[in-house]
Each structure stands twice: as structure tokens, then as C-alpha cells.
1. Can you name every one of the helices (runs of 4 or more DSSP H) wholly within the stretch B:9-121 that holds 3 or more residues which are within 13 Å of another protein chain (Cβ to nearest Cβ), surrounded by fewer than 20 Cβ atoms within 10 Å (Cβ to Cβ) and free of Cβ contacts under 8 Å to residues at least 60 places away in the same chain?
2. Can you name the residue in the stretch B:125-141 that is away from chain A (no Cβ under 12 Å) and part of a helix (DSSP H, G or I) and is also farthest from residue B:161 (Cα to Cα) among such residues?
3. For residue B:57, state whether it is within 13 Å of the chain's Cα centre (by Cα) and within 28 Å of residue B:25 (Cα to Cα).
């Protein structure tokens, strides 16, 4: 085939050249670089455990620092509008509508002093085991005396 | 050329006393073959020199782990090929240009290369080779110029022998067409 013959006719010689003495000097140059590379690698090899240890300490310190930051910080920081929503939800959950209209059960007025006194008396009478009729008579007498004093 | 066999050199390399000597012999034995292989991929002498030196530094680092079930020279070729292709990819990335334009650039390097000593027909052949896709270019150079066996090429390029034969066949056809048309 003519084209194939043409390719073969070109020949297989290298069409490129190299600078003078290139291949003579190259092995020495490469050996120098290899030795330098080995020195660098041996320094890294020596320093590697120390560097690893230092990196580990830095890592532990960072973890401790962030952990402390997390502990010191308030559990949840709710933005103001979200806080309003949270309060409304709290009231809906723990109080029905009537209770809210009546007022805060925790701040209800103290029972009147008279009621307290009455309760005290009742307790006293029960403890002393006083007869009911005697008690009524005593009270009527007492009321009569009070009326007389007023008149 | 080194008077030692690969096996002898590898054994010497394992002994710290002869390590440097053995490695220097390996460089002497393979530097030219690897250089020309790299040069045909990246064209420029300066780039080839850098890649060849990096190749041998990598060999130096990895020779302890080299498994002797494969041939030393196919392993060296493999490293040199990977280094060359990585170089071209980095060049493409650095200059933000598509691969086709890298090959166009290589053609310009070829035309202005002070270390190109070929005649016009050889220049035309090199230009024709640069028009091939990357893999075909590698296969053509390794088969045509380096006369490497397909089995060895298969180990270097991780490609089946059949695919390599087909690739070489297509490459020859394309080059012939280029030579005829230009």
C-alpha cells in the first residue's frame, strides 16, 4: 500500500535532540534530588509524632472550649416574637378560658378575716367538746347583752 | 548501558550499602528510553526534563514496595506515562483551555523547538501524531517508535491487547490520511 510505505519511509529515528551532555549529567542531578527528598522526608518522619501530638492537643482544647461555651449559654434563646407565642401557648395549655376571665388563680384574694375567725372558733368548740344547746344559749345571752349595751 | 540485570539492581537496592549505586545504575539504564517516551508526549525538552526527574524521584520513593512479579521497565514506563499525562492535565487547568488546544499548543512548541532536528517529513509526522486522541497517540508512539510488545503496553496502559491493536490500527490510518492530505 503506497500510504503505508510512505509512513515506513519516514523512518523511526528520533527527530528531537537534547542539550549537550544531558544524559551524562542527568543521573547525578537526579541522585542529588533524591537525597534532598529523602532528607525532607526524614525530617517530616521525625517531626510527625510531635506534630500529631500537638494537633491532638489542639483538637482536645477546641472541643473543651466549645463544650464550655455550650454549657454557659442559656438552653434556648427564643426571639421576642417567638417568646410571646410561647407564653400564649403556655396559658392555653394550663388555664381554660373561664379561669383566665376570672383572673389569675394564684393571685386570688385571701379569705376575709371574719371567716378565719369563725373557722378558729369552730375548731376550738370541736376540740373542747362543748354541748350544742349550751353553746346556743351562751350565744343568745351574749347577743342580748350586746343589744342592751347598744341601747 | 548498565551491565547489571534488573534483578541484580533490585537486590542491590535493598542493601543500604549499595542503595545509591544501584539506583544510579537504574537511572543510567532507563533514562534515555523514558526521556524519549516522555518527550514524545509533552514535546518540550524542559518539560520532559522536569517530568523525567519527578518520575525517578517517585521511583526512588516507591522502589522498596515494587513487586517483582512485574517487569521493572513496564513499571517505570507506567510512572512516566502517568506523570506526563498529569502534567498535560495540569497545564490545561492552569491555562483554562480545552485539551484540543493543548495539542494545538504542543504543535506550536514543536515548530519552534530548538531541539527538534528532524526534517520536514518528520515534522509532518509529529504533527500528524499530535492530531490523534491522547490514548491513540500513546499507543502509536510506544508501538511505532519504542517497538514495545503489546503485552507490555497492556501492563503500562491497563488496556487489553485487542483494544491496543485496534487503537494502533486506527492511529496508523489517521496518520496516513493526514500525510496524504497535507
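1. Per the criteria, B:19-42, B:45-62.
2. Among those that are away from chain A (no Cβ under 12 Å) and part of a helix (DSSP H, G or I), it is B:130.
3. No: the conditions fail for residue B:57.
For (1) within 30 Å of residue B:72 (Cβ to Cβ); (2) at pLDDT below 90; (3) not assigned by TED's automatic domain parsing to the domain that holds residue B:42, each residue gets a yes or a no:
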site	(1), (2), (3)
B:110	no, yes, yes
B:128	no, no, yes
B:133	yes, no, yes
B:144	yes, no, yes
B:154	yes, no, yes
B:162	yes, no, yes
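The values are calculated or read from the model by the stated rules, or taken from the named source; none is laboratory data. Since we're looking at a predicted model, the values are computed, not measured. Here Cβ is always computed from backbone atoms with ideal geometry, including for glycine, and neighbour counts include all displayed protein chains.
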